[in-house]
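Contents: one structure, followed by commentary.
The values are calculated or read from the model by the stated rules, or taken from the named source; none is laboratory data. Computed from a prediction, not measured in an experiment: that's the story for all the values here. Cβ atoms come from the backbone with ideal geometry, glycine included; neighbour counts cover every protein chain shown.
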Amino acid sequence: MSLTGSSSATLILKVLIAFALALPTGWERFKHDRSAGLRTFPLVALASCAYMVAASQTVIGSDALSRILVGVMTGIGFIGGGSILKEASTVHGTATAASLWNMGAIGVCVAYENYTLAVLLAAINYFTLLFLTPIEDRIKRENDR
């Protein structure tokens, strides 16, 4: 879908939707005192949305947009890499890194008006962290006994 010709109101709405879809995951990470949280997740989603919207209005051709998308996702991967910490024999932050990368995908989906996929990604990410983290923590505690 081409994004050119979008009104200012539509562009603002897209960025706000990307921001809003990332808030629940940011809140979940913030509540559990993770390395990235309430500010980082929404900012990643809105920035990836904004990059793709801006790129689609300034470049011509799907090859150029594909390269920009690769750059956006690589950059988000770099940010996520910064959230991964190795302590002794354990590694922390991989779920945060994966979630950050997912926020980039949400932003891109919103930029291209694929709202169904954006909402699905946001919901799955949030519920994965909400429900699977306690299960994973319990299994780790049981294994440490």
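Summary of computed values
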| quantity | calculated |
| --- | --- |
| Residue selected from the range 65-93 under the condition farther than 27 Å from residue 23 by Cα and part of a loop (DSSP other than H, G, I, E, B), by the criterion modelled with the lowest pLDDT | 89 |
| Candidate set: the range 79-93, residues that are farther than 23 Å from residue 69 by Cβ and not hydrophobic (A, V, I, L, M, F, W, C); chosen: the one surrounded by the fewest Cβ atoms within 10 Å (Cβ to Cβ) | 89 |
| Any chance residue 61 is of a type in the set (Gly, Ala, Ser) and within 18 Å of residue 25 (Cβ to Cβ) | no |
| Residue among 97, 36, 22, 18 that is outside any helix (DSSP H, G or I), buried (at least 19 other Cβ atoms within 10 Å of the Cβ) and within 15 Å of the chain's Cα centre (by Cα) | 36 |
| Complete set of residues in the range 40-74 that are β-branched (Val, Ile, Thr) and more than 15 Å from the chain's Cα centre (by Cα) | 53, 58, 59, 60, 68 |
| Any hit, the range 100-108, residues being in a helix (DSSP H, G or I), of a type in the set (Phe, Trp, Tyr) and closer than 27 Å to residue 140 by Cβ | yes |
| Single match in 35, 62 (criterion: of a type outside the set (Val, Ile, Thr) and either at pLDDT 90 or above or under 22 Å from residue 137 (Cα atoms) (or both)) | 35 |
| Unique residue being closer than 23 Å to residue 141 by Cα and acidic (Asp, Glu) when the list is 113, 87 | 87 |
| First in the range 126-145 and in contact (Cβ under 8 Å) with a residue 24 or more places away in the chain and under 25 Å from residue 41 (Cβ atoms), second anywhere and among the β-branched types (Val, Ile, Thr) and surrounded by 10 or more Cβ atoms within 10 Å (Cβ to Cβ), Cβ under 8 Å, 6 or more apart | 126/25; 129/25 |
